[in-house]
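Data first, discussion second: the structure below is written as structure tokens.
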Amino acid sequence: MRGPLSLDRVGGFFMGVTCAKGREMTQDWNTRTKLVHSGTRRSQYNEVSEAIFLTQGFVYETAEQAEARFIEAGPDEFIYARYGNPTVAMFEERIAALEGAEDAFATASGMAAVSSTLISMLRAGDHVVAARALFGSCLYVLEEILCRYGVEVSFVDGTDIDQWRAAIRDDTKVVFFETIANPTLEVIDIQAVSDLAHKVGAAVLVDNVFATPVFSKAIEQGADVVIYSATKHIDGQGRALGGVILGSREFIRKTIEPYMKHTGGAMSPFSAWVMVKGLETIDLRVRAQAHSALAIADAVQGHEKLLRGIYPGHKSHAQHDMVQKNLGSGGTVVALDIKDGKDAAFRFLNALEIVLISNNLGDAKSIATHPATTTHQRLSDEQKEQLGITPGLIRLSVGIEDTQDLIADILGALDAV
Ligand SMILES: *Cc1c(COP(=O)(O)O)cnc(C)c1O
């Protein structure tokens, strides 16, 4: 017997042992062990690396078996890839183990996760309170789509707890925010907002991309549902789109699964395999990225070409103490506000030699973005100003390159401004 990994136990998944039992076996593992082994399902070949079950359907031994599975499918009984697939299930179970959530549902992209969760939880007449500083597409769903179906949305400054208190009403059903806001890196206190929301029975829905599943303790701090764009740190190497919704088993199976099954935003098995392999190294990558991010924030503090450098993990950040307490790290993104606006920001971007100009984040490769002209171009000047998206603002997603090389590249580009 080789402990929790012995083949008869892992193989037991195929013998009808439930996923819940699988999780009981692994719950005392520490994070890095979970990231390498949780959720693994081996075929009859006992492969070491997780298999890609690139199939949309599954064969039934008998007509009776098909009938029984359509009445109620067991945790390792699959029907159709829109409903579930063994490789996708490996990803769901591994990310649930990392997050400390009871259950998870994988989606085709981060936005499929955000939109499906909101739509499956809300109906006409419901009220939502959301932080104003949001990823552009999240803002579109809240501002432009939900209202078409009679859902009312109020926006607040997410860092101001009094605004949450004033906006949350007895009929508020959902509160929604990004733990660390994109791109200005303000941090929301999950516990404080959750306490207010739970008083009126509202569910707390957190888009946790910037906080990452490595540093986040969102569920422990009161979030009911946590969403990730897996496209970011979970893949971490810029290969595939994906998303995931995490929450209680009841919520995932009764609210999310029926909606996902019938509306079609499923993750492909190939993407799930990319994400499963991404999870193996996410803790190593994200910690290295956060380490470099802090070193970069330190190196640019007070630089003559900057109005400010923003990093939630740096002692100069207004919310530094709360960030340390809630996350233990400032994450992997630094923002630089360059003096003299857009032209100076463009000169900075064009002078970078290692850091790429692109718009992904959480990647192994460092990436710089000019939000005002790309990701947040759609916003009015007034909205940009309200959110602190100045013409000189650069969002820097720190990769896993050598820290000193990155600092030299960034300081060199600042010189060229
Ligand atoms: C990228 C991102 C999304 C959307 O994810 P996709 O995988 O691109 O659909 C949602 N929220 C935040 C905070 C993001 O950074």
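The values are calculated or read from the model by the stated rules, or taken from the named source; none is laboratory data. Remember, predicted model here, so these are calculated numbers, not experimental data. Cβ coordinates were reconstructed from backbone atoms using ideal geometry, including for glycine residues, and neighbour counts include every protein chain displayed. Ligands, DNA and RNA are excluded from the accessible area calculation, which covers all protein heavy atoms including side chains. Shrake-Rupley method; radii C 1.70, N 1.55, O 1.52, S 1.80 Å.
Residue pairs whose Cβ atoms lie under 6 Å apart, separated by 6 or more positions or on different chains, with the first residue in segment 219-235 and within 19 Å of residue 267 (Cα to Cα) and the second in a loop (DSSP other than H, G, I, E, B) and more than 10 Å from the ligand (Cβ to nearest atom), are 226/218.
Only residues that are at pLDDT 95 or above and closer than 30 Å to residue 35 by Cα were counted in segment 57-76, giving 2. Please specify each residue of segment 191-207 satisfying the condition of being outside any helix (DSSP H, G or I) and surrounded by fewer than 23 Cβ atoms within 10 Å (Cβ to Cβ). Listed by number, the residues that qualify are 200, 201, 203. The residue of segment 353-395 that is farthest from residue 304 (Cα to Cα), among those that are among the hydroxyl-bearing types (Ser, Thr, Tyr) and open to solvent by 20 Å² or more (accessible area, probe 1.4 Å), is 380.
Would you check if residue 302 is assigned to a loop (DSSP other than H, G, I, E, B), open to solvent by less than 30 Å² (accessible area, probe 1.4 Å) and closer than 28 Å to residue 384 by Cα? So residue 302 does not fit the description; no.
Listed by position, the helices (runs of 4 or more DSSP H) inside segment 44-127 whose residues that are under 22 Å from residue 214 (Cα atoms), under 15 Å from the mean Cα position of the chain (by Cα) and not polar (S, T, N, Q) number at least 1 are 86-99, 110-121.
Only strands (runs of 3 or more DSSP E) whose full extent lies in segment 310-417 are considered here, and the ones with at least 3 residues that are closer than 19 Å to residue 186 by Cβ and in contact (Cβ under 8 Å) with a residue 24 or more places away in the chain are 333-338, 393-397. In this entry, residue 216 passes the filter for residues that are open to solvent by 10 Å² or more (accessible area, probe 1.4 Å), more than 11 Å from the ligand (Cβ to nearest atom), hydroxyl-bearing (Ser, Thr, Tyr) and not assigned by TED's automatic domain parsing to the domain that holds residue 311. The set of residues in segment 117-141 that are small (Gly, Ala, Ser), within 12 Å of the ligand (Cβ to nearest atom) and buried (at least 24 other Cβ atoms within 10 Å of the Cβ) comprises 131, 133.
For the criterion of being touching a residue at least 12 places away in the same chain (Cβ under 8 Å) and open to solvent by 10 Å² or more (accessible area, probe 1.4 Å), residue 289 fails.
Within the set 145, 79, the sole residue that is free of Cβ contacts under 8 Å to residues at least 40 places away in the same chain, open to solvent by 20 Å² or more (accessible area, probe 1.4 Å) and within 16 Å of the ligand (Cβ to nearest atom) turns out to be 145.
State which residue is farthest from the ligand (Cβ to nearest atom) when the search covers only segment 219-254 and only residues that are among the charged types (D, E, K, R) and farther than 14 Å from residue 104 by Cα. The extreme case among them is 220. If you go through segment 102-114 and keep only what is open to solvent by 10 Å² or more (accessible area, probe 1.4 Å) and away from the ligand (no atom under 15 Å from the Cβ), you end up with 102, 103. Scanning segment 255-268 for residues that are more than 16 Å from the ligand (Cβ to nearest atom) and of a type in the set (Val, Ile, Thr), which turns out nearest to residue 331 (Cα to Cα)? The selected residue is 256.
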